[in-house]
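What follows is a short report on a single structure.
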Amino acid sequence: MGLRKILTDENPALHKVCKPVTSFDSKLHKLLDDMGQTLDDAEGVGLAAPQVGILRRVVVVDTGEEILELVNPVLVRTDGQQEGPEGCLSVPGRYGLVKRPNYAVVRAQDRFGQWFEVEGEELIARCFCHELDHLDGKLYTEVMERFLTDEELDRM
Ligand code: NI
């Protein structure tokens, strides 16, 4: 199995700016495979490479239909706004109230270096923004309005 350990927010790796990927080689493919498995195992929506201790610009997102692999992703367009609960596999057991765009378009490379664009709405747009922030060493706890209480979460 290629499960990787998910680091939590006190780890310095989660607070650093990640470097771009320049080699689309078997090492990258293994990282993407492992991150996909780790995300699936943790039942999360998205996972960024620094969460498994790799300071490279790599993200995986589970859209519900497939695991999207985003290498060197950049946000190219956003629209609208949503406000809602947001969590992170690196901040276990807690949720915060976070404002995000309701629609987002990301431009990224695939595991072979080919550029493509992908769009997302609602949860997926939120996830794109959250995961891309990870690549700049930023956690949702730095952009949230506040943590949510258990009672508030039950009502959402
Ligand atoms: Ni996260």
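The values are calculated or read from the model by the stated rules, or taken from the named source; none is laboratory data. The model shown is predicted, which means the values in this text are computed figures rather than measured ones. Cβ sites come from the backbone with ideal geometry, for glycine too, and all protein chains shown count toward neighbours.
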Requested in this report: Could you tell me which of the residues VAL71, VAL59 is in contact (Cβ under 8 Å) with a residue 60 or more places away in the chain, surrounded by 18 or more Cβ atoms within 10 Å (Cβ to Cβ) and not in a helix (DSSP H, G or I)?
Outcome: VAL59
Query raised in the report: Can you find a residue in region 104-113 that is among the acidic types (Asp, Glu), modelled with pLDDT of 95 or more, more than 15 Å from the ligand (Cβ to nearest atom) and farther than 24 Å from ASP9 by Cα?
Result: yes
Report task. Quickly run through region 35-58 and pick out the residues that are out of contact with any helix residue (DSSP H, G or I) (no Cβ under 8 Å at 6 or more places or on another chain) and either within 14 Å of the ligand (Cβ to nearest atom) or among the aromatic types (Phe, Trp, Tyr) (or both). Result -> LEU39, ALA42, GLU43, GLY44
Requested in this report: Please find, within region 98-126, the residue that is surrounded by the most Cβ atoms within 10 Å (Cβ to Cβ) out of those that are touching a helix residue (DSSP H, G or I) at 6+ places or on another chain (Cβ under 8 Å) and more than 20 Å from GLY64 (Cβ to Cβ).
Outcome: VAL98
Report summary line: If we keep only residues of region 136-156 that are within 11 Å of the ligand (Cβ to nearest atom) and not in a loop (DSSP other than H, G, I, E, B), then the residue surrounded by the most Cβ atoms within 10 Å (Cβ to Cβ) is TYR140
Report task. Out of VAL91, VAL118, report the one residue that is within 13 Å of the ligand (Cβ to nearest atom), hydrophobic (A, V, I, L, M, F, W, C) and either touching a strand residue (DSSP E or B) at 6+ places or on another chain (Cβ under 9 Å) or under 21 Å from VAL58 (Cα atoms) (or both). Result -> VAL91
